[in-house]
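Notes for the one structure printed next.
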Amino acid sequence: MGDMATMQQNDTAARLSLRRGAGALMARASRKLAAMANAVEWESPAEAVHWGQRMPPRRLRDHLCGTVFLLDDFYVQSAVVEATRLSAQLGHLPGTAVLDVGSGLGRLVTGMLIEFGDDVDYLGIEPNREFYEWCVSHLESEHPSYRFRHIDIASELYNPQGAVDGAEVVLPVPDASIDVVYCWGVFTNAIPAHVARYISEFARVIRPGGKVFFTAYVEDDCPEVTFNPEDYVPFDLIVPLHVVRYSTEWLDDQLRTHGFQVLDHRYHGGMFPMQSEYTVSRTASS
C-alpha cells in the first residue's frame, strides 16, 4: 500500500508541476510579447535554429498556433512541456508508439527531440500540406524515426480545399497498434461529425490500456455545439471554426460510445483561455 500511495503522490505532483509550468510559461511569454511588439523580427529565416532545434518560419507559426508562438523561446519551451506530458501523464517509455493527430509544424517533435532524442516510434498526421512538407524537409529528413503523413482532410479553418471528408477519415495505422494518441488543438476547431469520427478511429487504433490526450472547449449547461460563441474567450473570433465549444454531455457520450473512460479532465486547464484537457483510456473489454 505504501508503494501505491507513493506512486499516486508522485503522479499528482507531476501533473501539478506540468500545469503550473504551462501557465507560468504562457504568462511570461505574454509579457515578453507585449514588451517586444515593435521589435520582433516577425519573419524568421527559412533555416532558423533555436536551442539547437529547427524553427518553422514565423508566418507559418502565426497561422497555425497564434501570436505567442512567434517567440522562439516560448515555442521551444512549450514543446518541452508537451513532451514532458507524454512521460509524466501518458505513460511514454522508449519504444512507445505515439500517434500525433494534427501534428502541425511538429512542435511536439521539437520537445520530444530534446527529451527523448531519436529513440522513438512517432507518426504525425497533418492535413495542411505546407505544414506537412516543412516537417518532412526539416524534421523527418534529419530524424527518420519521426515520420509524417499528409491526409488531405477538409477543414474550413486550416484546409478549406481538402479532398477528404473528416467524417470518413481513416487513420493510416493498423488496429490496436498505438500506445499514445496525442491530439492537441484539433477538437477545438472541428465540427461534431469530425470529432465523432476521430474518437471512433482512436478507439480502433489504440492498444488496450493505451491513452488518448486531447484538448477541447467543453462546458456544462450549453448547447451540444456552438461555433464561435459570443463573449466566451478573451480574443476576437474572426475566422470560421476559430472556437468550437461542445457540451460536456455530448462529448462524454461520444467517449462512452467507443468504450473510453475519462482518467483526467482538467477543466479550463489548458494553455489557452477556456480550453480544457482530457486524458482517456480504453480498457481491454471495450
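Cβ-Cβ below 8 Å, separation at least six or inter-chain, first residue in segment 127-145 and within 20 Å of LEU99 (Cβ to Cβ), second of a type in the set (D, E, K, R) and in a helix (DSSP H, G or I): which pairs?
Matching pairs, first to second residue: none at all.
Within segment 70-95, track down each residue that is within 22 Å of TYR278 (Cβ to Cβ), assigned to a helix (DSSP H, G or I) and either free of Cβ contacts under 8 Å to residues at least 60 places away in the same chain or among the β-branched types (Val, Ile, Thr) (or both).
Those that are within 22 Å of TYR278 (Cβ to Cβ), assigned to a helix (DSSP H, G or I) and either free of Cβ contacts under 8 Å to residues at least 60 places away in the same chain or among the β-branched types (Val, Ile, Thr) (or both): ALA79, VAL80, VAL81, ALA83, THR84, SER87.
Which ones in segment 159-186 are assigned to a loop (DSSP other than H, G, I, E, B), of a type in the set (Asp, Glu) and either in contact with a Ser or Thr (Cβ under 6 Å, 6 or more places away or on another chain) or under 20 Å from ASN128 (Cβ atoms) (or both)?
ASP165
Taking the condition of being under 17 Å from TYR75 (Cα atoms), touching a Pro at 6+ places or on another chain (Cβ under 7 Å) and surrounded by fewer than 23 Cβ atoms within 10 Å (Cβ to Cβ), how many residues in segment 96-142 meet it?
Number of matching residues: 1.
Would you be able to tell me the number of residues in segment 168-189 that are free of Cβ contacts under 8 Å to residues at least 60 places away in the same chain, surrounded by 15 or more Cβ atoms within 10 Å (Cβ to Cβ) and either of a type in the set (Asp, Glu) or farther than 23 Å from VAL109 by Cα (or both)?
Summing the residues that are free of Cβ contacts under 8 Å to residues at least 60 places away in the same chain, surrounded by 15 or more Cβ atoms within 10 Å (Cβ to Cβ) and either of a type in the set (Asp, Glu) or farther than 23 Å from VAL109 by Cα (or both) in segment 168-189 gives 1.
What's the number of the condition VAL173 fails, among (1) more than 18 Å from THR96 (Cα to Cα); (2) under 20 Å from the mean Cα position of the chain (by Cα); (3) modelled with pLDDT of 95 or more?
Going through the list (1) more than 18 Å from THR96 (Cα to Cα); (2) under 20 Å from the mean Cα position of the chain (by Cα); (3) modelled with pLDDT of 95 or more, VAL173 breaks only (1).
Count, please, the residues in segment 210-226 that happen to be outside any loop (DSSP other than H, G, I, E, B) and either within 20 Å of the chain's Cα centre (by Cα) or within 15 Å of GLN254 (Cα to Cα) (or both).
11
Mind listing whichever residues of segment 197-209 are outside any helix (DSSP H, G or I) and either surrounded by fewer than 20 Cβ atoms within 10 Å (Cβ to Cβ) or among the basic types (Lys, Arg) (or both)?
Answer for segment 197-209, where residues must be outside any helix (DSSP H, G or I) and either surrounded by fewer than 20 Cβ atoms within 10 Å (Cβ to Cβ) or among the basic types (Lys, Arg) (or both): ARG207, PRO208, GLY209.
The values are calculated or read from the model by the stated rules, or taken from the named source; none is laboratory data. As the structure is a computational prediction, the values presented were derived from the model and not from experiment. Neighbour counts run over all protein chains shown; Cβ positions are idealised from the backbone, glycine included.
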